[in-house]
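Remarks on the structure that follows.
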Amino acid sequence: MARGLDLAPPPLLLLLLLAVVTRFCVAQINCTCPTNKMTVCNSNGPGGVCQCRAIGSQVLIDCSTLTSKCLLLKARMSAQKTGRSLVKPSEHAILDNDGLYDPECDDKGRFKARQCNQTSVCWCVNSVGVRRTDKGDQSLRCDEVVRTHHILIELRHRPTDRAFNHSDLDSELRRLFQQRYKLHPSFLSAVRYEEPTIQIELRQNASQKGLRDVDIADAAYYFERDIKGESLFVGRRGLDLQVRGEPLHVERTLIYYLDEKPPQFSMKRLTAGLIAVIAVVAVALVAGVVVLVVTNRRKSGKYKKVELKELGEMRSEPSL
């Protein structure tokens, strides 16, 4: 009598099938971009590999490093337009006078030299995306993206019982930029401290930056968002920075950018406040000149009076 066909799969096949299903499910759950929460990720790529694309631009993101500032700003604008806010909105999005705008990025995620923000008004920007010329119409030419090679981050911490040790502070900040922001140690040139002000200097020329090196502009932007409690890292809200167990609470952040070429602003760039300062200085200079003239005249008057008095005395003396 013929034996019936055994349709039950072998135990080894069951184990392999279970492993594939488990791996797929885990990949679906863990498919996130740890360095950029402004992304949409899925495991529908070849071999079930997790792929993440930036919101707004749909550019494929390398989640092993920092995302460029241009793509982050574009994602932020797109998130606000659609009502999806993965990063807490802030009025301090960019530390220049133009605020947050929707940038144009090239195929590598870098700022294009000319930005128009989908309007007829255009301007030129540096590699950080900050305007470096006056605004004009669409005939404005921006021949190149001028690189920002020096960034000065100035922090002011809350009052403490005693000042932080400069050496400990220096070590902690260098460790932070190297481990968290993956910035090569050679690009953090100095940490200065004079309570309560901390200055962090980042320097990186175009010739120094390798293909895999993090740009100082991106590291500074990630640091800025962390300090303001708007972290771009998945699962984090802000930065818990401590120096020898003592928390470092920052209450003010300013970032200054120095380009390889000077900016090209006209006098129209002057703000009302700056004009007022110039006016005050001019008035002070005029007042100083007036005081100097009056003082000189008074001194000259005294000398003339003395000379006349002496001449009169000489005339009144009897001749011998």
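List of remarks:
- Any hit, segment 64-71, residues being open to solvent by 40 Å² or more (accessible area, probe 1.4 Å), modelled with pLDDT of 95 or more, part of a loop (DSSP other than H, G, I, E, B) and touching a Ser or Thr at 6+ places or on another chain (Cβ under 8 Å): yes
- Cβ separations smaller than 6 Å between residues 6+ apart or across chains give the following pairs from segment 182-209 residues that are touching a residue at least 12 places away in the same chain (Cβ under 8 Å) to residues that are outside any strand (DSSP E or B) and open to solvent by 70 Å² or more (accessible area, probe 1.4 Å): 188/174; 193/166.
- Once segment 180-203 is narrowed to residues that are of a type outside the set (A, V, I, L, M) and under 17 Å from the mean Cα position of the chain (by Cα), the residue that is surrounded by the fewest Cβ atoms within 10 Å (Cβ to Cβ) is 189.
- Matching residues, segment 155-179, being surrounded by fewer than 19 Cβ atoms within 10 Å (Cβ to Cβ) and free of Cβ contacts under 8 Å to residues at least 60 places away in the same chain: 159, 161, 162, 163, 166, 167, 171, 174, 175, 178, 179
- Single residue of segment 113-154 satisfying the filter (in a loop (DSSP other than H, G, I, E, B), small (Gly, Ala, Ser) and surrounded by fewer than 17 Cβ atoms within 10 Å (Cβ to Cβ)) that is modelled with the highest pLDDT: 139
- Options 213, 240; residue that is open to solvent by 10 Å² or more (accessible area, probe 1.4 Å), under 24 Å from residue 158 (Cβ atoms) and part of a loop (DSSP other than H, G, I, E, B): 240
The values are calculated or read from the model by the stated rules, or taken from the named source; none is laboratory data. Owing to the predicted nature of the structure, the values given are computational and were not obtained by experimental measurement. Reconstructed Cβ throughout: ideal geometry from the backbone, glycine too, with neighbour counts over all protein chains shown. Side chains are part of the model used for accessible areas, which takes the heavy atoms of the whole protein and leaves out ligands, DNA and RNA. Shrake-Rupley method; radii C 1.70, N 1.55, O 1.52, S 1.80 Å.
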